[in-house]
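First the structure, in the form of structure tokens, and then the observations on it.
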Amino acid sequence: MKKLIIIILTCIVPLMLFLEVWGVFLNQKLSIDIKELEEEQNEWLEENKKLITAIAVYSSPERVEKVVNEELDLKKIDPGNIMKIILVGSKE
């Protein structure tokens with residue numbers, strides 16, 4: 001009986017040490033994964049900030065007016081020169 005207890009204890013101690021080391025290894029691996037994901041998240045956030053800034057610049061009234069006047073060569077029409085066509089059966 002005493003030999004059985006000694007054998008069990010000699011098996012349990014290395015097993016517990018192995019489990020402790022394995023737990024530390026998993027913890028470090030997860031910590032590295034978390035850091036990598038946080039870095040990736042920060043990169044995405046920076047990219048989103050740049051895109052939001054670009055959207056604000058491209059949709060500004062000044063830029064839209066510049067594109068309309070210079071690139072598309074559109075001109076404002078006098079409201080008196082607008083002709084409205086109403087189709088029969090139309091709701092307007």
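Table for the structure above
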{"read-out": "Whole-Hz ³J(HN,Hα) from phi, Karplus 6.51 cos²θ - 1.76 cosθ + 1.60, for region 59-74, glycine and proline x", "value": "9, 5, x, 5, 5, 4, 5, 5, 5, 4, 7, 8, 8, 8, 6, 8"}
{"read-out": "Crossing angle, helix 2-58 versus the chain [Cα axis fit, 0-90 degrees, rounded to tens]", "value": "10"}
{"read-out": "Under-20-angstrom lysine pairs by C-alpha in the chain, whenever the two are 8 or more apart or on separate chains", "value": "4"}
{"read-out": "Cα-projected label distance for residue 50 with residue 71, points at 7 Å along beta-carbon direction, nm", "value": "2.0"}
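Coordinate-derived values only; no laboratory data. Small disclaimer: the values here were computed from a predicted structure and weren't measured. As a convention, Cβ positions derive from the backbone with ideal geometry for all residues, glycine included, and neighbour counts pool all protein chains shown.
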